1. Report whether or not A68 is away from the ligand (no atom under 13 Å from the Cβ) and modelled with pLDDT of 95 or more.
2. Given the structure, is E97 charged (D, E, K, R), in contact with a Phe, Trp or Tyr (Cβ under 6 Å, 6 or more places away or on another chain) and open to solvent by 20 Å² or more (accessible area, probe 1.4 Å)?
3. Kindly indicate whether F4 is away from the ligand (no atom under 16 Å from the Cβ) and either touching a residue at least 40 places away in the same chain (Cβ under 8 Å) or basic (K, R) (or both).
4. Pick out, from the stretch 102-193, the helices (runs of 4 or more DSSP H) lying fully within it that include 2 or more residues that are open to solvent by 30 Å² or more (accessible area, probe 1.4 Å) and more than 9 Å from the ligand (Cβ to nearest atom).
5. Of the numbered conditions (1) open to solvent by less than 40 Å² (accessible area, probe 1.4 Å); (2) in contact with a helix residue (DSSP H, G or I) (Cβ under 8 Å, 6 or more places away or on another chain); (3) touching a residue at least 40 places away in the same chain (Cβ under 8 Å); (4) of a type outside the set (K, R), L15 satisfies every one except a single condition; which is it?
6. Restricting the search to the stretch 21-46, which residues are near the ligand (Cβ under 8 Å from one of its atoms) and open to solvent by 80 Å² or more (accessible area, probe 1.4 Å)?
Amino acid sequence: MPAFDQTTLRTESLLLRPLRESDAPALFGIFSDPRVTRYLSRPSLPNIAIAHERIARDVEAMSAGRYACFGIEQTVDGRLLGECSLFNLQEQCRRAEIGYTLAFEAWGKGYMNEALNALLEFGFSELGLNRVEADIDPRNLRSAKSLERLGFKKEGHLRERWIVAGEVSDSGLYGLLASEWISRGRNGQSSET
Ligand SMILES: CC(C)(COP(=O)(O)OP(=O)(O)OC[C@H]1O[C@@H](n2cnc3c(N)ncnc32)[C@H](O)[C@@H]1OP(=O)(O)O)[C@@H](O)C(=O)NCCC(=O)NCCS
């Protein structure tokens, strides 16, 4: 995969861009909020030093092309609203996994829908992916709705797949194919009339 450290994606109200060192306080604010981390596969960030470490790791992985992780910045005021990523990139099978997180205050406004439309378009059109998959906690209804709104289909349910901070949870597996993305058109709209 190519390096992603210079990649930016623009939408109507958002700029998706690589994370940088100065994002640490905002990132810590988002990932230390238990409302946000409730169903994530990693526990809440315990301190800002871990946010700095995560950003350093992301910067290195982005320049090596190992995964694509973008901060979601609101264009109007430069505020960091969250992040989204394509990871577990499999070149031979042209597939990747999608991840996404939004600050609690930004939920319910369609920002993630806007960001993931751009990320998926990038994944399918620029990276040539054939399939994008998601692994979510089935209790995370907001996440399931976001995926379904984008055209993902639920493909499976794996029992007791995760143990996070001692809590055991299942996996809901979702998939979206390039052929489905093209036939639906962007924003989940059907291109058929
Ligand atoms: C999962 C998560 C990103 C969903 O956030 P969200 O704001 O519901 O996501 P969307 O962008 O899809 O927004 C859809 C909501 O915005 C509303 N909305 C407003 N304007 C909209 C627009 N122009 N377009 C689409 N939706 C719009 C929709 O009605 C919907 O609200 P509703 O579900 O209350 O009806 C968020 O809950 C989150 O970050 N959770 C914590 C982290 C997490 O669990 N991540 C997933 C791990 S697998």
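1. The answer is yes for A68.
2. Answer is yes for this residue.
3. So F4 fits the description; yes.
4. Of the helices (runs of 4 or more DSSP H) lying wholly inside the stretch 102-193, those with at least 2 residues that are open to solvent by 30 Å² or more (accessible area, probe 1.4 Å) and more than 9 Å from the ligand (Cβ to nearest atom) span 178-184.
5. Against the list (1) open to solvent by less than 40 Å² (accessible area, probe 1.4 Å); (2) in contact with a helix residue (DSSP H, G or I) (Cβ under 8 Å, 6 or more places away or on another chain); (3) touching a residue at least 40 places away in the same chain (Cβ under 8 Å); (4) of a type outside the set (K, R), L15 comes up short only on (2).
6. R35, R38
The values are calculated or read from the model by the stated rules, or taken from the named source; none is laboratory data. Values in this document were obtained by computation on a predicted structure and should not be read as measured data. Every residue, glycine among them, receives a Cβ derived from its backbone with ideal geometry; neighbour counts consider all protein chains shown. Please note that ligands, DNA and RNA were not included when accessible areas were found on the heavy atoms of the full protein model with its side chains. Shrake-Rupley method; radii C 1.70, N 1.55, O 1.52, S 1.80 Å.
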